[in-house]
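Participant: Following this message is one structure expressed as structure tokens.
Nothing in this text is a laboratory measurement; each read-out follows from the coordinates by a stated rule. Since the model is a prediction, treat every value here as computed from it, not as a measurement. All Cβ positions, glycine included, derive from the backbone under ideal geometry; neighbour counts span all protein chains shown.
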Amino acid sequence: MRRLLSARCLVRLFAASARGQALPLLAVGALAALLLAPVPARTESVIRISANNPVRSLDPAKFSLGAIEFNYALLVYSRLTYFDDNLNVIPDLAESWEASPDQKVWTFHLRHGVKSHDGREFDAEDVLATYRRLADPEIGSVIRTTVGLIDQADAPDKYTVRFVLTIPYASWPAVTAAFQASIVPRNASDTLSTKPDGTGPYKFLSYEPNGSMMLTRNPDYFEPGLPKIDKVEFRIIPDFQHRGGRSRARRTRHRMGLAARAHGQAQRQCVGTC
């Protein structure tokens, strides 16, 4: 089971990233006080996070910039697998998987009863559709070459996906944890750029490229009891000096200057408990 975000985890992860890109401890402490404070009944909880660049695309297959794109993906979408804090591959939409002896055939067993944000049940056909898009040259995904290792993919049943690769590949489960490999509903590919639809802990509400992105809690998320925070707002503030001043003034915003690994740790964990 994934360990999603709590305030205490957020403090530890934002205080010092893997590359030493630390945030001021006073700012981290202020955010911790906000997140750890009791929330009165029927009071909406919101975390506001600043970012200095807008996303290139709301379609995860087209991600290339990192930063806010990856944080948005971690909250709105799920993948077959996921990396834990030590970069071990762990289950996400796939509960388990196994390889053939020659490591050319990989079989993934999917969670049952997972719903996309539009209310439809997730199944193996969504996985197959996602990987077909990733392999499409017109999509231009940065992981298209790796996905090109797939010789064929099929669904033996509604909750099983099988990839047959052109070569033995022991790290195939790690490929399925890529942000670009976020699973999207098979009927949503034409609207992902304007109306994203995933199975993650938060639903997309709105996005203004030079303003903000709003996400709201997904009450049907497959991890019981999560997420804890009602809404997440990303504010696009290109000027770092201006952004820092607004953060100190309102004490409700956090700066995203972390390495990619810390992005994943911090953003996934702001929706749950350690």
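Participant: Using the Karplus curve 6.51 cos²θ - 1.76 cosθ + 1.60 with θ = phi - 60°, what ³J(HN,Hα) values do you get for each residue of region 89-97, in whole Hz, with x for Gly and Pro?
Facilitator: Rounded to whole hertz, the list is 7, 10, x, 10, 6, 8, 6, 7, 7.
Participant: Which one, HIS112, PRO91, TYR131, projects farthest toward the positive side of the charge dipole computed for region 81-184 from Cβ point charges (K/R +1, D/E -1)?
Facilitator: Of the candidates, TYR131 comes out farthest on the positive side.
Participant: What is region 81-184's relative contact order, in percent, from Cα pairs under 8 angstrom and six or more apart in sequence?
Facilitator: Once divided by the residue count of region 81-184, the mean separation gives 30 percent.
Participant: Mind scanning LYS158/LYS195; LYS115/LYS228; LYS62/LYS158; LYS115/LYS195 and naming the pairs with a C-alpha gap bigger than 22 Å?
Facilitator: In this structure, LYS158/LYS195; LYS62/LYS158 lie more than 22 Å apart at Cα.
Participant: Determine the shape class of region 81-184: with a ≥ b ≥ c the square roots of the Cα gyration tensor eigenvalues, call it rounded for a/c under 1.5, and otherwise prolate if a/b is greater than b/c, oblate otherwise.
Facilitator: Rounded, because the longest to shortest axis ratio a/c is under 1.5.
Participant: Tell me which residues come under 5 Å, amide H to amide H, from TYR82 once H is placed; ignore anything under 5 positions away on its chain.
Facilitator: When sequence neighbours closer than 5 places are left aside, the close amide H contacts are ILE90, ASP92.
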